[in-house]
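Please read the structure below before turning to the comments.
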Amino acid sequence: MPPILPPSLTSFIAASNRCDTAAFLDCFADNAMVRDENYTHTGKAEIAAWFEDVGAKYHPTLRPLQVDADAETALLKTEISGTFDGSPIELHYRFTYTAGKIETLSIGD
């Protein structure tokens with residue numbers, strides 16, 4: 001049984017799996033930051049470019065496995081499958097958010 005996610009994370013997963021850049025960006029605050037593969041992407045323009053690049057390279061699909069969340073932070077354990085070596089893998093997504101918008105996202109194992 002999949003974990004029950006906060007609405008902001010449900011939207012994040014759904015937009016990611018649909019490869020819907022507009023809906024994905026709507027999950028983030030204007031000044032948000034994403035840290036992935038030792039790079040930091042700041043602001044919606046950089047996040048959009050990162051999201052589209054990752055989608056084109058890896059075609060990732062996220063499946064939530066476990067979540068620990070409160071009103072401002074979340075640690076989401078996911079299984080990610082796609083067109084990359086070792087697929088599927090498990091990764092942790094660490095979020096901070098305010099008023100339902102993601103402020104920071106750090107992706108790692």
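The values are calculated or read from the model by the stated rules, or taken from the named source; none is laboratory data. Predicted model only: the values in this text are computed from it and were never measured. Cβ: placed from backbone, ideal geometry, glycine included. Neighbour counts: every protein chain shown.
Show the residue pairs that are 6+ apart or on different chains and have beta-carbon atoms under 7 Å apart, the first residue being within segment 1-22 and over 14 Å from residue 93 (Cα atoms), the second being part of a loop (DSSP other than H, G, I, E, B). Filtered contacts from segment 1-22: 7/100; 11/27; 15/27. Of the helices (runs of 4 or more DSSP H) entirely within the chain, those holding at least 3 residues that are touching a helix residue (DSSP H, G or I) at 6+ places or on another chain (Cβ under 6 Å) occupy 21-26, 43-58. Contact annotation: residue pairs with Cβ atoms under 6 Å, 6 or more positions apart or on different chains, pairing a residue in segment 36-48 that is free of Cβ contacts under 8 Å to residues at least 24 places away in the same chain with a partner that is among the aromatic types (Phe, Trp, Tyr) and in a helix (DSSP H, G or I), are 41/50. Out of curiosity, is residue 108 of a type outside the set (S, T, N, Q), touching a Pro at 6+ places or on another chain (Cβ under 8 Å), exposed (fewer than 15 other Cβ atoms within 10 Å of the Cβ) and modelled with pLDDT under 95? Considered against the rule, which asks whether it is of a type outside the set (S, T, N, Q), touching a Pro at 6+ places or on another chain (Cβ under 8 Å), exposed (fewer than 15 other Cβ atoms within 10 Å of the Cβ) and modelled with pLDDT under 95, residue 108 comes out as no. Among residues of segment 1-20 being among the hydrophobic types (A, V, I, L, M, F, W, C) and surrounded by fewer than 13 Cβ atoms within 10 Å (Cβ to Cβ), the one that is nearest to residue 73 (Cα to Cα) is 4.
Yes or no, residue by residue, for (1) under 11 Å from the mean Cα position of the chain (by Cα); (2) not acidic (Asp, Glu):
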site	(1), (2)
29	no, yes
56	no, yes
79	no, no
91	yes, yes
